[in-house]
Each structure stands twice: as structure tokens, then as C-alpha cells.
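Undergrad: One structure follows; several queries about it will come next.
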Amino acid sequence: MPKILYKARSIAGDDVTGFVDAPTAAAAVARLKGQGLVDVELHESPGIAAHHDDRDVESARQAAFLLRVRARPGLATVLGEVARRSRGWIAIDIALVAAGVAFREPGLFAAGVVGGLLTFGVPTWRHRRVRWFDRFLRAMAYGQWASARREFERFRRGTHPASVQLQIPFYDAQLRVREGEPLATVLQRLETVRGTLRPDQFPARSAAVHTAAKDYDGFLACMRSAWQASPDDPSHQVDYALANARVGDLVLAQELLSRIDMEALEVHGRPFVLWARGLVELRNDRPGAADTLKQGVDGFLKIASPVALSSLALCSGACAIAMQRAGDAAGAKAMVARVWPLLQVHADTRLRAEIEREVGAP
């Protein structure tokens, strides 16, 4: 059963973090509320949580660390956790160094230095894969395909947790399409991993490959398949609603959005809801579209990972159009200018044409 990462508050007002065993997001929220917790936030979908087999459901410390890493990714956060967990050994290392200096014993001094280097050096060495992955995502966002391939090949070597290993073929597929390999060939290669994923996860991950190839019919079909395979997962419902708001049926998008259980939706999914709602309002010429899309942009800006850069750009582009139509031409131009390098890579034909016609390219 998935062990879903969550954050909540106790009745006394204390922050509570941990993992909750639950088959669905709604069941996870209900279970946590049944424990007397309030302000429940799920930080991943059940489908993603199901692939993490290294979690201790009793470990609040592990959950708190994962939340810190998501909020402030980087080596400093990792080393801070190492320092917290290794306080005793660090104290011994410091004592050895001090004793070596005080008593002029090179052996004690060396032992302390080596101990400190091992304590912090090993995590630093392992963290290099995270840096390679972040650089890969950033290169993909900006359309730097040669750089993306170089960082990806560095990252993919070696062993990975199951949750990461499952993602690698799909990132490789996106990059291959961007490099010019035919979509049909790339999709055929992906079929070899279909059986390793849940029925909803394969089309959900394949959708990005179709987007990379500018195949929006395929993108929409993948999102539909993922939602139909797991209709009780609100993340798939949001993805399908957004796909329709972008390139499909606006009426269906509105219907799907009206049924979303926001409490059961993972926290990082909330900006996608605002993006989809804002698009529906924009396409229907409703007032308030700019405000809704601005809230979506603000939400994406709070996501620390470069994985959100393309979504930030697309939401910002739609927001700029809404701002232009609302009479804020200067704000619209500024909004587009901030993300134009990303929009040139990721904007669909309609969005880019509207931006260039109504707002103007920087």
C-alpha cells in the first residue's frame, strides 16, 4: 500500500509530518482526520508514493527531511540533516582534532579530520547525481538538448532507487524526441517498460513525450487514459482537466475542475488547478482570468525544482494574454519577457500565436 508523505497540524497547533498508509488520496485524508489532525496537506499522489519502497511509516524524521529537501533542495539541506543525525560522531571528530593539536599527536589529528571528511564527504559525493539531474531538467526547460543529453547520461549511470529508475526511460524518451527521433520509434521503445508500471502511471508519464513531440492529440489521449485507469486519483483528474483546458474540450475541463477534491490533491498540484481554471476563464472571456492565472504563476514560483519551469512559462504566457485583455499591457509584456526563452521551447502553436499577436514577442 502506498506510504503517502503528508504534513498536518495537531489540535494543539503543532506541526505533524509523516507517511500515511492509504490506497487513495481521499482515504489518506480521511485517515489523518480520523487521527484528529487538521490542515492536512498531501505532498504526493498515491501513484508516486507507491514506487517508494524505502520508507518507514513510523519515521516522522524521514518525512520531515523529505519535506525540507522539497522546500529547499540542495547540498546544504542534505548536509544539515547529516549533521543532525551524526552529532555524536562529529563531536568525537572535533575532540580528536582538538586533542591532536593540544598534545601534538598527528595520529589523533588525522583521525579526526578523516572522520569528518567521511561524515560529510560521502553524502556530498552521492549528491552529485542530484546536481546532474537538476542540470538536466534545467537544460530541457531551456531547449539546450546537447547539454541535457550530457547531464542525463551522467545521471543515469549507476544504481537508483526504484522510484527514480522508473522515470529514466521517460526522460530519455522526451529527450530523444527533442533530438529529432521519430515519435513512433520512441513510443515503441517505451513499450518495454509498460508492464513495470501501474495502468494509470504509464500513460501519465508518456503524456510528456507526446508534448515534447508537439503531438497534442496524443497528449490528450494519454491524460484521458491515466484518468480513466484511476479516476479516484485527483492528480490525474487535474491533469486531464488541464489538458482539455489547453488543447481539448473546455466544457469537459470545467466539469472535471468542479469535481476536484482539493483536500485530497497533493500540494504541488494546486497551481495546476489555478492554471486550468484560469485557462477556462480566458478562453470563455470571463473577468478574473488574469487574477486566477497570477495565482497559478505565484504557485509555480514556489516550487523549487526546475521540473516546474515549463509549467511556469505556459501559465505565465496565458496570464500575459489575460492581462493584455484586461488592459494591463505593460504588465503583460513584463510577464512574457520573464519566460520568453522557455515559451519558445514549450508553447503550443495556439498559445504562442496569441502571445505574438496580442502581447508581442520581446
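The values are calculated or read from the model by the stated rules, or taken from the named source; none is laboratory data. In this text the structure is predicted, and so the values were computed from the model without any measurement. Neighbour counts run over all protein chains shown; Cβ positions are idealised from the backbone, glycine included.
Undergrad: I'm checking my understanding of the structure. Among residues of the stretch 207-236 that are more than 28 Å from Arg176 (Cα to Cα), in contact (Cβ under 8 Å) with a residue 24 or more places away in the chain and not charged (D, E, K, R), which one is surrounded by the fewest Cβ atoms within 10 Å (Cβ to Cβ)?
TA: Ser230
Undergrad: So is Asp239 free of Cβ contacts under 8 Å to residues at least 40 places away in the same chain, surrounded by 21 or more Cβ atoms within 10 Å (Cβ to Cβ) and of a type in the set (D, E, K, R) or not?
TA: yes
Undergrad: For the stretch 186-242, enumerate the residues that are acidic (Asp, Glu) and farther than 20 Å from Pro23 by Cβ.
TA: Residues satisfying the conditions are Glu191, Asp215, Asp217.
Undergrad: Another one. Check Glu263, Glu181 and return the single one that is closer than 29 Å to Arg70 by Cα, of a type outside the set (Gly, Ala, Ser) and outside any helix (DSSP H, G or I).
TA: Result: Glu263 is the single residue among Glu263, Glu181 that is closer than 29 Å to Arg70 by Cα, of a type outside the set (Gly, Ala, Ser) and outside any helix (DSSP H, G or I).
Undergrad: Out of the stretch 196-206, which residues are in contact with a Phe, Trp or Tyr (Cβ under 9 Å, 6 or more places away or on another chain) and surrounded by fewer than 17 Cβ atoms within 10 Å (Cβ to Cβ)?
TA: Thr196
Undergrad: Which condition number in (1) buried (at least 17 other Cβ atoms within 10 Å of the Cβ); (2) touching a residue at least 60 places away in the same chain (Cβ under 8 Å) is the one that Lys294 fails?
TA: With (1) buried (at least 17 other Cβ atoms within 10 Å of the Cβ); (2) touching a residue at least 60 places away in the same chain (Cβ under 8 Å) applied to Lys294, the lone miss is (2).
Undergrad: Mind checking whether some residue in the stretch 19-26 is touching a residue at least 40 places away in the same chain (Cβ under 8 Å), assigned to a strand (DSSP E or B) and buried (at least 17 other Cβ atoms within 10 Å of the Cβ)?
TA: yes
Undergrad: Given the conditions (1) of a type outside the set (A, V, I, L, M, F, W, C); (2) within 23 Å of Gln167 (Cβ to Cβ); (3) touching an Asp or Glu at 6+ places or on another chain (Cβ under 6 Å); (4) surrounded by fewer than 18 Cβ atoms within 10 Å (Cβ to Cβ), which single one is not true for Arg9?
TA: Failing condition for Arg9: (2).
Undergrad: Please tell me if Val267 is surrounded by fewer than 20 Cβ atoms within 10 Å (Cβ to Cβ), of a type in the set (A, V, I, L, M, F, W, C) and in contact with an Asp or Glu (Cβ under 8 Å, 6 or more places away or on another chain).
TA: yes
Undergrad: Same structure, new question: Answer yes if at least one residue in the stretch 67-76 is under 30 Å from Asp261 (Cα atoms) and in a loop (DSSP other than H, G, I, E, B), and no otherwise.
TA: Yes: the stretch 67-76 contains one or more residues that are under 30 Å from Asp261 (Cα atoms) and in a loop (DSSP other than H, G, I, E, B).
Residues are listed down the side, and each one gets a yes or a no for (1) assigned by TED's automatic domain parsing to the domain that holds Ala308; (2) outside any helix (DSSP H, G or I); (3) among the aliphatic types (A, V, I, L, M); (4) closer than 20 Å to Pro2 by Cα:
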position: Glu44; (1), (2), (3), (4): no, yes, no, yes
position: Gly47; (1), (2), (3), (4): no, no, no, yes
position: Arg55; (1), (2), (3), (4): no, yes, no, yes
position: Arg61; (1), (2), (3), (4): no, no, no, yes
position: Phe65; (1), (2), (3), (4): no, no, no, yes
position: Trp89; (1), (2), (3), (4): no, no, no, no
position: Asp93; (1), (2), (3), (4): no, no, no, no
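Undergrad: In the stretch 40-55, is there at least one residue being over 25 Å from Ala204 (Cα atoms) and either surrounded by fewer than 19 Cβ atoms within 10 Å (Cβ to Cβ) or more than 21 Å from the chain's Cα centre (by Cα) (or both)?
TA: no
Undergrad: Hey, any hits in the stretch 132-139 for a residue that's within 28 Å of Trp340 (Cα to Cα), in contact with a helix residue (DSSP H, G or I) (Cβ under 7 Å, 6 or more places away or on another chain) and surrounded by fewer than 16 Cβ atoms within 10 Å (Cβ to Cβ)?
TA: Looking through the stretch 132-139, none of the residues is within 28 Å of Trp340 (Cα to Cα), in contact with a helix residue (DSSP H, G or I) (Cβ under 7 Å, 6 or more places away or on another chain) and surrounded by fewer than 16 Cβ atoms within 10 Å (Cβ to Cβ).
Undergrad: Which one is nearest to Ala98 (Cα to Cα), of the residues in the stretch 115-159 that are aromatic (Phe, Trp, Tyr) and in a helix (DSSP H, G or I)?
TA: The qualifying residue nearest to Ala98 (Cα to Cα) is Phe120.
Undergrad: Hey, can you tell me all the residues within the stretch 190-202 that are touching a Lys or Arg at 6+ places or on another chain (Cβ under 8 Å) and within 17 Å of Gly218 (Cα to Cα)?
TA: Phe202 - this is the single residue of the stretch 190-202 that is touching a Lys or Arg at 6+ places or on another chain (Cβ under 8 Å) and within 17 Å of Gly218 (Cα to Cα).
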